[in-house]
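Let me begin by presenting the structure, written as structure tokens, before commenting on it.
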Amino acid sequence: MVRESVTRLRPYVPGKPIDEVKRELGLAPDFPIFKLASNENVLGPSPAALEAMRQVAPEVWLYPDDTCFNLKNALAGFWDLSPEHFIIGNGSDEIIHFLALALLDREDEVIFADPSFVQYKSAAMMADCKYQAVPLTGDMRHDLAAMRARVNDHTKLIFIANPNNPTGTVVTQRELEALLADLPPRVVVVLDQAYYEYVEAETSPRGINYVREDYNVVVLHTFSKAYALAGLRVGYGIARPEIIGYLQQVRGPFNVNTLAQAAAIASLGDEGQITRAQAMNSAGKRQLAAAFDEMALPYVPTEANFVLVDCGRDSRQVFQELLRHGVIVRTGDPFGLPTWIRVTIGTVEMNERFISALREILVAA
């Protein structure tokens, strides 16, 4: 009854919701819980986005604009491209699904890093095709040379998360361009820039440049992270119009809701939304790094809004103990890192609650 490849899939496991933690631990409704598990922007959305949603809310009895006309035009102006270069999705995850539907046959192969975003592997498995998971380097970065060495006559998609999730590391422009210059014409590189707005490294590539130069590159962006619209699920892909046209053919109707479209447009127009997020994130990186150095905990220097840190203990135990202190993080075991946890960078208060709790837990061990 069910395709064999589907039986091998495992549902995506999201970070624990705040209400679920309170129910499980029997906590009072007003007990403060800090969710630092899903890399959300804890500052919240732009006031302009909230106002835009209020204005269009009375129209939700109508189906949304199926073409996302206004949002595509806003993005076209933002990135200085034509609207035909964009496809809008219910989160950038949906664009990954479109790529699998439009481009992958059973005889094709997919290459991605390990560990990296789990949806790349899922895309290959849903298409019932082979995949190659290439280990990261010793400093937790993509090994693009090793990934190129895995390319064969069946390779169709290469996924590169930049910054990578869960490590927060980036590739350099030189490394990416060396890969692009040496790939067969049939290979499409997907540069997933979900955390692009947080990158401070000047050597990190800007995916948009390769779209402008007509490479076989699809760049993914999302409004879920720095723009703080995770609850609305809106992301987008950028590529040359020929590729976008194929992705449009597999897109379902009305896939991005009215509130999401309005909020995304308003968010693009609020430059302060990104500068606020960047300032908080930069300060938070320094705060967490100083604490990890003091506790002598290995961690990965990050270009995203999260940090991967080795607690030297079973991450599931640390996770459970942090819950009792009102802090939700992400365990490293799904990534093959059983003693590591990934923590989202929050406000000074949130970071300090996490640091104090972690120090108390590790001292008591």
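The values are calculated or read from the model by the stated rules, or taken from the named source; none is laboratory data. Quick caveat: nothing in here was measured; it's all calculated off a predicted structure. Note that each Cβ is placed from the backbone with ideal geometry, even for glycine, and that neighbours are counted across all protein chains shown. What goes into the accessible areas is simple: the full protein's heavy atoms, side chains included, and nothing from ligands, DNA or RNA. Shrake-Rupley method; radii C 1.70, N 1.55, O 1.52, S 1.80 Å.
Things to note:
- Surface composition of the stretch 1-86: carbon and sulfur atoms hold 60% of the protein heavy-atom accessible area at a 1.4 Å probe.
- Cα centroid of the stretch 68-109 to Cα centroid of the stretch 114-134, whole Å: 19
- Out-of-range pairs (alpha-carbon distance over 29 Å; input Lys16/Lys225; Lys130/Lys285; Lys16/Lys156; Lys121/Lys225; Lys72/Lys285; Lys22/Lys121): Lys130/Lys285; Lys16/Lys156; Lys72/Lys285; Lys22/Lys121
- Full-extension gain in nm, Glu107 to Ala149, via 0.36 nm per residue minus C-alpha separation: 13.2 nm
- Shape category assigned to the chain from the gyration tensor of Cα positions, a/c cut at 1.5: oblate
- The stretch 279-365: relative contact order as a whole-number percent, Cα under 8 Å and 6+ apart: 31
- Separation of the Asp270 and Thr137 label points, Cα + 7 Å toward Cβ, nm: 3.8
- Fully extended contour minus Cα-Cα distance, from Val348 to Phe254, at 0.36 nm per residue: 29.9 nm
- Stretchable slack from Ala290 to Asp333, in nm (0.36 nm times residue separation minus alpha-carbon distance): 13.0 nm
- The stretch 258-336: C-alpha gyration tensor shape, a/c 1.5 cut-off, then a/b vs b/c: prolate
- Rounded Å value of the spacing that divides the Cα centres of the stretch 259-318 and the stretch 170-200: 22
- MRE, 222 nm, helices only [DSSP H, n ≥ 4, -39500 (n - 2.57), over the chain, to nearest 500]: -12000 deg cm²/dmol
- Taken about its Cα centre, the chain carries a charge dipole of about 620 debye when Lys and Arg each add +1 at the Cβ and Asp and Glu each add -1 at the Cβ.
- Amide N proximity, the stretch 325-351 versus Ala28 label position 7 Å along Cα-to-Cβ, cut-off under 20 Å: 325-328
- Solvent exposure of the stretch 68-156, expressed per residue, is 42 Å² of accessible area, with all protein chains present and a 1.4 angstrom probe.
- Sparse packing (at most 13 other Cβ atoms within 10 Å of the Cβ) combined with a DSSP loop state is found for the following GluC sites (Glu not before Pro) in the stretch 136-233: Glu200, Glu202, Glu213.
- As a length-normalised measure over Cα pairs under 8 Å and 6 or more apart, the relative contact order of the chain settles at 23 percent.
- The simple spin-label model puts a point 7 Å past each Cα toward its Cβ; for Glu360 and Val60 those points are separated by 3.9 nm.
- Whole-angstrom gap from the stretch 2-61 to the stretch 335-351, using each part's C-alpha centre: 17
- Taking a ≥ b ≥ c as the square roots of the eigenvalues of the Cα gyration tensor, the stretch 325-365 is classed as oblate, since a/c reaches at least 1.5 and a/b does not exceed b/c.
- Fraction of accessible area attributable to carbon and sulfur, the stretch 99-186 (%, probe 1.4 Å): 48
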